[in-house]
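Note sheet for the following structure.
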Amino acid sequence: MIFGIDIGGTTVKIGAVENGCIIDKYEIPTCKDTLFLDICTFLRKYIKEKEIPEIEGIGFGIPGNVIKNYIYNMPNIGLKNIDLNQEIKKYFPNVEIAAQNDANVAALGEMLYNKEYQNACMITLGTGVGCGIVLDGKVLEGCHGDAGEVGHMGIATEYNFSCTCGLKGCLETVASATGIVRLAKYHYNEYPTQLKETFTAKDVFDLARKNDPLCSFVLDKVGFYIAKCIAMLAVTVDVDVYYIGGGVSKAGDILIQAIEKHYQNLSHYAVKNVKIEAAKLLNDAGMLGAAGLIQRD
Ligand SMILES: [Zn+2]
């Protein structure tokens, strides 16, 4: 058995995985001071109760910067500089440990679930914009743990909004949930709209579906920037499929169509025939991908 652990800001999702399928899943609260103790205590209890004979490994999805199982920073949890091997081997001395950041792990989970391709990217549109790149079935970590950080590609320089990272014009400033709201506010007086004074990204897409002029314009802009990002990825990593995941992707077909429309104009001729699809695994991608880090190595 392999455990896939998806650490989030408020909860830790724990999946027991056998033969690439999640057979049991649990959630425990994320407590900053006892995070890894809580996880290991839970696992030991589970192993004892279920009389599990052997553990092949424990994989982790980390909300932050991790290189070779060393966690540099988890800003949303407030933890820094953790040697994961050391933490976990206190409780499981002979078990293989692997960790990657959560966007990478989710991309791997989506790829493993769909089974169709060995080369895939998954762009996650949520509070921020992240991306995981899987090549030949392996997550691309990068030398600084930064591979796939497409949220900070400077491709929205037309607006040059300030990003939380300190740069300007990052994709995240227009394509994250807050970015979409920012764009709609920026153009609020230019197009008729039924948007109220306060609104969310979901409201923007819901109204775009009803052909609201402002919201349709914003959807088109968001589609344009994500398509531009995919076109740049396509000439860099040249994978088969680009999954669009995260809360914002719940907009579904209209978002995928907006991206595809622009992608055809923006992409190099050799990479026009790629798949752009909504991610299918919502909450389980992290657990499955975290466990997949073990299976793959
Ligand atoms: Zn940025």
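Find, among the trypsin sites (Lys or Arg not before Pro) in region 60-131, those assigned to loop by DSSP (not H, G, I, E, B) with at most 14 other beta-carbon atoms within 10 angstrom.
Counting only loop positions with at most 14 other Cβ atoms within 10 Å, the trypsin sites (Lys or Arg not before Pro) in region 60-131 are K68, K90, K115.
Taking the 0 to 90 degree range and rounding to the nearest ten, how far is the long axis of helix 253-266 tilted relative to the main principal axis of the chain, both from C-alpha atoms?
70
From Cα pairs below 8 angstrom and at least 6 apart in sequence, can you work out the relative contact order of the chain, rounded to a whole percent?
21
Could you give the C-alpha radius of gyration of region 130-282 expressed as a fraction of 2.2 N^0.38 Å, taking N as the number of residues it contains?
In units of the 2.2 N^0.38 Å rule of thumb, it is 1.04.
Could you calculate the FRET efficiency of K275 with K48 from 1/(1 + (r/R0)^6), where r is the beta carbon distance between them and R0 is 41 Å, rounded to 0.05?
0.40
Could you tell me how many degrees, from 0 to 90 and to the nearest 10, lie between the Cα long axis of helix 213-234 and the main elongation axis, the longest principal axis, of the Cα atoms of the chain?
Once rounded, one gets 50 degrees.
Angle check, please: helix 35-49 long axis (alpha carbons) against the longest principal axis of the chain (alpha carbons), in degrees 0 to 90, nearest 10.
The angle comes out at about 60 degrees.
Using a 10 angstrom cutoff on alpha carbons, build the Gaussian network for the chain and name the most mobile of V248, V139, V95.
V95
What's the extension gain from T157 to C143 if we count 0.36 nm per residue and subtract their Cα-Cα distance?
2.4 nm
How long are the semi-axes of the ellipsoid equivalent to the chain, from square roots of 5 times the Cα gyration tensor eigenvalues, in whole Å, largest first?
Result for the chain: semi-axes of 36, 20, 17 Å.
Of all DSSP beta bridges located in the chain, what percent are antiparallel, nearest 5?
60
Between E18, E54, E197, find the one with the highest GNM mean-square fluctuation for the chain; connect C-alpha pairs within less than 10 Å.
E197
If you rank F217, F205 by fewest surrounding Cβ atoms within 10 Å, what's the result?
Neighbour counts put them in this order, fewest first: F217, F205.
At a Förster distance of 41 Å, what's the computed FRET efficiency of K168 paired with R209, Cβ-Cβ distance as r, to 0.05?
It comes to 0.85.
Exceeding 27 Å between C-alpha atoms, which entries from my cross-link table qualify? They are K32/K185; K196/K275; K221/K275; K13/K80; K13/K68.
Pairs exceeding 27 Å: K32/K185; K196/K275.
Assuming a ≥ b ≥ c are the square roots of the Cα gyration tensor eigenvalues, decide whether region 245-297 counts as rounded (a/c under 1.5), prolate (otherwise, with a/b larger than b/c) or oblate.
Cα axes put region 245-297 in the oblate bin.
Read-outs: derived from the displayed coordinates by stated rules, not from any lab. Remember, predicted model here, so these are calculated numbers, not experimental data. Positions of Cβ are generated from backbone atoms using ideal geometry, with glycine treated the same way; all protein chains shown enter the neighbour counts.
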